[in-house]
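A.B. asks: Sharing a structure here in structure tokens format.
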Amino acid sequence: MKAALLKGKLDISVEEVPLPEIGDDEILLKVKAASICGSDVRMYKNGYQHVSKEHPLIIGHEFAGVIEKIGKQVTAYEVGQRVAVAPNMGCGTCDHCVSGETHLCEHYQAFGINMNGGFAEYVKIPATAIQQGNITVLQDAISFAEAALVEPLSCVYNGQKRLHMTPGKDVLIIGAGPIGIMHIMVAKLFGAAKVFMNDLSRERMEQAKKLFPDLILVEGDLQEEICKHTGKGVDVCIIAAPAPTAQTQSLQYMNMNGQLLFFGGLPKDRENVSLNTNLVHYKQLSIYGCTRQSVMDYRLCSKLVNDKRIPLNSIISATYPIDDFMEAMDKAAHAVGLKHVITFA
């Protein structure tokens with residue numbers, strides 16, 4: 001089968017590799033779509049721990065497909081089912097795992113991160129993923145490309161869930177990439193009043209505006225621009241970009257009792273950020289972080305997409321065969337368009 005192998009920094013190649021063999025308690029999935037994530041781009045640009053020419057990794061953790069084969073001990077699924085797969089698996093016995101937060105397990109495993117992932121014609125789904133409920137059956141109405149995007153959507157949902165979002169809040173989203181667009185979708189689902197967006201790229205902001213005509217684009221002095229619209233600052237600010245300065249400055253835009261979500265990580269050489277803690281104190285602000293998603297988050301978001309509550313198709317910029325993987329990666333790396341998806345016949 002063909003697969004995209006990461007072998008080190010700036011070193012990915014599409015090659016023929018052996019078809020995975022499954023055990024009695026495993027599933028063989030025929031991948032139909034796998035989308036490129038910012039994490040994939042970072043792994044490509046910077047290399048990744050324990051990955052080398054001698055020990056390559058099939059990357060890709062956002063994928064969906066059709067069950068090709070099941071082991072004789074697997075009873076919950078059938079050959080031919082259309083499914084999407086949550087990528088994170090825990091040990092199953094630690095406090096996080098038994099509370100349902102398998103994605104926070106200290107010894108977690110994830111497709112495309114520390115085990116072979118979805119940029120391949122076939123993926124082996126281990127018993128752990130089956131037992132922990134990582135496989136979600138899809139309705140016929142949802143395309144495989146849409147289903148591949150359930151993973152990042154559920155990460156976004158996990159973040160906003162931590163904010164305890166309620167209707168009527170004014171929300172500022174900094175970062176107009178695919179994650180920022182998904183934050184708009186989820187904020188609207190939670191009943192946001194005004195939604196503001198800022199990005200260094202005017203083109204990306206205009207792209208977001210086409211998708212959401214009522215979106216308010218803000219540039220320049222953000223504190224002044226936001227006060228023109230709200231008179232008091234925003235209730236929620238979400239930093240959906242790897243920008244330390246944006247995190248530092250975000251406290252200035254907040255209303256009393258405001259909530260900030262630092263979504264995603266920062267580059268290792270810029271991860272220490274200066275914050276004015278007097279603003280945190282006197283405005284009674286709350287700052288949240290988030291990572292990955294639980295299986296329940298994934299299932300809920302899969303249902304939202306199945307039920308057409310979230311229009312994920314609108315952010316798919318292009319699809320590519322696996323042989324054109326590097327074209328798709330190059331566009332994702334240079335922020336051309338939004339989501340780039342590898343599809344398989």
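The values are calculated or read from the model by the stated rules, or taken from the named source; none is laboratory data. Since the model is a prediction, treat every value here as computed from it, not as a measurement. Every residue, glycine as well, gets a Cβ built from its backbone with ideal geometry; the counts of neighbours run over all protein chains shown. The area values use the complete protein model at the heavy-atom level, side chains included, leaving out ligands, DNA and RNA. Shrake-Rupley method; radii C 1.70, N 1.55, O 1.52, S 1.80 Å.
A.B. asks: How many residues does the stretch 274-313 contain that are out of contact with any Lys or Arg (no Cβ under 7 Å at 6 or more places or on another chain), of a type in the set (Ser, Thr, Tyr) and open to solvent by 30 Å² or more (accessible area, probe 1.4 Å)?
C.D. replies: 5
A.B. asks: Does residue 98 satisfy the criteria of being closer than 24 Å to residue 156 by Cα and over 22 Å from the mean Cα position of the chain (by Cα)?
C.D. replies: It is true that residue 98 is closer than 24 Å to residue 156 by Cα and over 22 Å from the mean Cα position of the chain (by Cα).
A.B. asks: Right, another one. Name the residues in the stretch 133-162 that are assigned to a loop (DSSP other than H, G, I, E, B) and surrounded by fewer than 20 Cβ atoms within 10 Å (Cβ to Cβ), would you?
C.D. replies: 133, 139, 140, 141
A.B. asks: Being crowded, with 22+ Cβ neighbours inside 10 Å and part of a loop (DSSP other than H, G, I, E, B) is the filter here; which residues of the stretch 75-102 pass it?
C.D. replies: Result: 86, 87, 90.
A.B. asks: For residue 65, state whether it is at pLDDT 95 or above, touching an Asp or Glu at 6+ places or on another chain (Cβ under 6 Å), farther than 27 Å from residue 268 by Cα and not aromatic (Phe, Trp, Tyr).
C.D. replies: no
A.B. asks: Tally time: how many residues in the stretch 299-345 are part of a helix (DSSP H, G or I) and in contact (Cβ under 8 Å) with a residue 24 or more places away in the chain?
C.D. replies: The total comes to 19.
A.B. asks: Looking only at the stretch 117-131, which residues are surrounded by fewer than 20 Cβ atoms within 10 Å (Cβ to Cβ) and either in a helix (DSSP H, G or I) or among the polar types (S, T, N, Q) (or both)?
C.D. replies: The answer is 127, 128, 131.
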